[in-house]
1. Taking 7 Å along the Cα-to-C-beta vector as the label spot, tell me the Lys179-Thr166 distance in nanometres, rounded to one decimal.
2. Multiply the residue separation of Lys18 and Leu209 by 0.36 nm, subtract the distance between their alpha-carbon atoms, and state the gained length in nm to one decimal.
3. Return the FRET efficiency for the residue pair Ser43, Ile198: r is the Cβ-Cβ distance, R0 is 30 Å, and the value is rounded to the nearest 0.05.
4. So which of Lys72/Lys155; Lys18/Lys217; Lys179/Lys217 end up more than 24 Å apart by C-alpha?
5. Grab every C-alpha pair in the range 15-92, bin the distances at 10 angstrom width from 0 up to the longest one, and report whole percents.
Amino acid sequence: MNAQTRLTLTDNYGQTYKPTSPITRIGSSPQCNIVLDEPDVLSNHAEIRLENGYWILQDMSGESGIGINGEKIQAPYQLNNGDVIAIGCSILRVFIENQQPTPTLDESTYKPSQNTSADLSGFRSSGEYTPASPPITNQSVATPPPVPTPKIYQKNRVTAAVLAITLGGLGVHKFYLGKPVQGIFYLIFIWTYIPAIIGFAEGLYYLSLNDQQFAEKFEPKPTSA
């Protein structure tokens, strides 16, 4: 692979991906090279291929579409360093090491990038984009914003779900989530089997949430000094 066109993608959580094959498939399917476990991401949502030393993004989703720097693309798209890709509720930041100058291409085949740097602060979790500030009109080159530090949650959604399903009758998941009083009630009434049934239902509910929704409901709230 041409060392001057090495591609790195960074997702919402700071996870990096470095495609090493001419065609990289992106989607929710485990068979994809880049797996995005987020809402609205199809099993095979997009492909990135290396052509003549340039990375081309192809929308494979049909009507779901892909956003580039806040705009939906309708045709194969030539990626540039600093582009921000929105796939469903996932965001991928593009870094191309030592990218060569973009040649003049047939716009009916590839849509060239209009922005060489994009501000991630305008993105919401829905994948929509709101510009953080008016475009720069002078001749100075804007410094790309730093990649945001991924948020680390104290409580793991899958762990809580497994504890609720397997040990719900003992209230173990309640102690894990920092709710010892509720956990004690589960222990008191364990002989009725009702806590086990409730725990099983709660475990399924935890699995139905994504990590952000789970954190909003069950992460410990910071206390004011």
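Nothing in this text is a laboratory measurement; each read-out follows from the coordinates by a stated rule. Computed from a predicted model, the values in this text were never measured in an experiment. So basically every Cβ, Gly included, is an ideal-geometry build from the backbone, and we count neighbours across all protein chains shown.
1. Here the answer is 2.1 nm between the modelled labels.
2. Using 0.36 nm per residue and subtracting the Cα-Cα distance, I get 65.9 nm.
3. In this case the efficiency is close to 0.35.
4. Lys72/Lys155; Lys18/Lys217
5. Bins of 10 Å from zero give 20, 59, 21, 0 percent of pairs.
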